[in-house]
1. Pull up region 106-128, narrow it to residues that are of a type in the set (Phe, Trp, Tyr) and in a loop (DSSP other than H, G, I, E, B), then point me to the one that is surrounded by the fewest Cβ atoms within 10 Å (Cβ to Cβ).
2. Filter region 76-97 down to the residues that are of a type in the set (Phe, Trp, Tyr) and without any contact (Cβ under 8 Å) to a residue 40 or more places away in the chain, then identify the one that is surrounded by the most Cβ atoms within 10 Å (Cβ to Cβ).
3. Can you tell me how many residues within region 261-286 are surrounded by fewer than 16 Cβ atoms within 10 Å (Cβ to Cβ), of a type in the set (A, V, I, L, M) and under 28 Å from Glu130 (Cβ atoms)?
4. Would you please list the contacts, defined by Cβ atoms under 9 Å and residues six or more apart or on different chains, that run from a residue in region 181-209 that is over 26 Å from Ser141 (Cβ atoms) to a residue that is charged (D, E, K, R) and open to solvent by less than 30 Å² (accessible area, probe 1.4 Å)?
5. Please go through region 140-160 and give me each residue that is open to solvent by less than 30 Å² (accessible area, probe 1.4 Å) and of a type in the set (A, V, I, L, M), ordered by number.
6. Restricting attention to region 450-492, which residues are open to solvent by less than 40 Å² (accessible area, probe 1.4 Å), modelled with pLDDT of 90 or more and among the hydroxyl-bearing types (Ser, Thr, Tyr)?
7. Consider Leu478 against the criteria (1) part of a strand (DSSP E or B); (2) out of contact with any helix residue (DSSP H, G or I) (no Cβ under 7 Å at 6 or more places or on another chain): it satisfies all of them except one. Which criterion is unmet?
Amino acid sequence: MQNIENTKYGKIFFILIVGLTIVVILNGSYLPLVDLPQHAAQVAALDELLKGKSTWTNLVELNFNTPYLVGYLSWLGLLQFFDIVLSSRILVILIFLCFIFSAIQLKNTLQSSWLVPWVAIPSFFGFCYEWGFITYLLAISIGILFFIQNIKWSNHPNIKQGLIVSLLGVILFYSHILSYLFFCLLSFIYFIYNVEDKKNILKIIPTYFLFFCLLIFYLNVSDSLGSQYTYGVKVMYHSIGEKFFNLMIYPWSMTDKSFIYPSLILLIIPFLMGYRISSEFKRYIPLVILILVWFLLPHFMNNTYFIYERYSILFFLFFYLIFESKNDFKYSKYFSAIFLILIVFLMIEDYKNIFLAKKGTVDFANIVEELPANKRVLGLIFEPISASGSTPFTYVHFASWYQAQKGGWSDFNFAWFHPQIVRYKPSKTPEVKPGFEWTPQHVQYLNACDNYDILIVRAYDISVRHLIEHSTCRNYTLSVHHGSWLIFEKNK
């Protein structure tokens with residue numbers, strides 16, 4: 001009995017869901033992705049610096065030793081035709097389509113089931129999407145294509161395939177280092193296992209030596225700002241129990257614990273749909289490597305949070321790779337219908353968040369239009385959580401949209417961080433360091449506010465004026481108040 005998801009009508013429904021997702025994103029405004037405003041600010045600053053139009057050349061410098069190069073240059077290209085907010089949505093759509101395309105190619109290459117591309121649709125909108133890890137999302141799609149090419153290379157170990165793998169590997173390196181490391185490890189192990197003539201393993205040595213050299217190059221690029229800030233610890237691990245729990249939640253959400261129930265259903269439903277697990281061990285290699293990485297890697301290392309958590313986007317894709325043939329099960333079509341309904345259910349939450357974010361950011365959009373351009377601003381986000389959408393911390397970096405749209409400069413700024421393409425000059429770093437964005441009440445401890453022309457504040461209680469007035473930011477006057485947004489301008 002043929003399952004619904006694999007029929008002609010199932011595939012048409014798949015296209016409709018993908019198409020609807022594109023329409024929803026395109027008709028949004030500021031997408032509710034936590035880090036997206038900071039990445040937008042990076043790309044806008046890069047554009048102005050390259051064109052010689054930047055007001056901030058004394059403050060920052062370009063860093064082309066970034067592994068985010070592919071993502072940022074892709075966005076920079078879109079910025080030549082669209083404004084920064086619209087181009088952000090177009091970029092997300094293109095990355096989403098790349099992810100779906102890579103999932104379909106993975107299914108075809110390993111002759112797996114349509115479960116893989118189906119589960120890829122909601123998987124895209126999980127932990128990494130909600131946090132706004134935009135360069136990582138692109139790198140994951142490139143990584144899957146890199147892995148696919150390695151599979152083809154192991155089946156036909158010739159020079160042409162090796163050159164394609166080498167090219168994709170370099171592109172992957174300049175996309176994101178965490179994706180690069182994972183897919184190099186996975187592809188190397190898969191090649192060694194899958195290649196029929198083990199003598200052909202020698203053919204991959206030059207290519208993977210190149211990849212190793214790229215890694216050494218990255219590790220030897222010192223962080224010129226690393227000594228100027230600290231999070232207080234070098235490494236943080238989560239417990240095995242916490243990691244298991246997170247593995248059930250993060251494929252769909254940053255924080256919503258209720259998503260454990262869809263995950264549990266999606267773990268067992270392939271069996272109820274009539275699928276049987278494969279007897280080929282090579283199909284299990286991606287899942288085994290993913291689980292090992294998940295439980296071995298830390299939560300925090302080298303001033304970077306959410307290391308192991310990022311691989312949650314791949315869990316159900318790799319889990320469904322192990323299913324291939326179908327048993328003759330009388331009720332399989334009914335469980336197939338439940339599977340598709342569950343996919344739609346997961347997507348409705350994402351559609352709702354985009355709609356609510358568009359509605360909830362009208363006040364901010366109007367304020368940005370009113371503000372003068374090319375000013376230096378300080379973001380004080382006392383209320384980072386949306387009152388309506390389920391994505392938490394939506395507004396924590398929202399002041400960076402002013403930088404992205406109006407050619408200004410906003411603190412706190414990702415220019416502190418090692419992988420960014422626009423960075424502070426070591427002698428020009430501000431008093432507002434990493435971590436300030438989560439503790440805006442520390443404005444009272446700043447030595448001076450005079451560097452800032454404008455304070456962009458988000459708070460439900462206007463009494464925050466008292467905190468500002470009793471800090472070194474007292475020389476500012478409330479000039480605009482729309483909803484939860486307050487704008488303080490420096491007195492002349």
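1. So the residue we want is Trp114.
2. Only one residue fits best here, namely Phe82.
3. Residues that pass the stated criteria total 4.
4. none
5. Those that are open to solvent by less than 30 Å² (accessible area, probe 1.4 Å) and of a type in the set (A, V, I, L, M): Ile140, Ile142, Ile144, Ile148, Ile151.
6. Tyr452, Tyr476, Ser484
7. (2)
A quick yes/no check of all residues on (1) within 30 Å of Ser102 (Cα to Cα); (2) open to solvent by less than 80 Å² (accessible area, probe 1.4 Å); (3) hydrophobic (A, V, I, L, M, F, W, C); (4) touching a Lys or Arg at 6+ places or on another chain (Cβ under 7 Å):
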position: Leu214; (1), (2), (3), (4): yes, yes, yes, no
position: Asp223; (1), (2), (3), (4): no, yes, no, no
position: Gln228; (1), (2), (3), (4): no, yes, no, no
position: Val233; (1), (2), (3), (4): no, yes, yes, no
position: Lys243; (1), (2), (3), (4): yes, yes, no, no
position: Leu247; (1), (2), (3), (4): yes, yes, yes, no
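The values are calculated or read from the model by the stated rules, or taken from the named source; none is laboratory data. Everything quoted here is computed from the prediction, not taken from an experiment. So basically every Cβ, Gly included, is an ideal-geometry build from the backbone, and we count neighbours across all protein chains shown. These area figures cover heavy atoms from the full protein model, side chains too; ligands, DNA and RNA do not enter into them. Shrake-Rupley method; radii C 1.70, N 1.55, O 1.52, S 1.80 Å.
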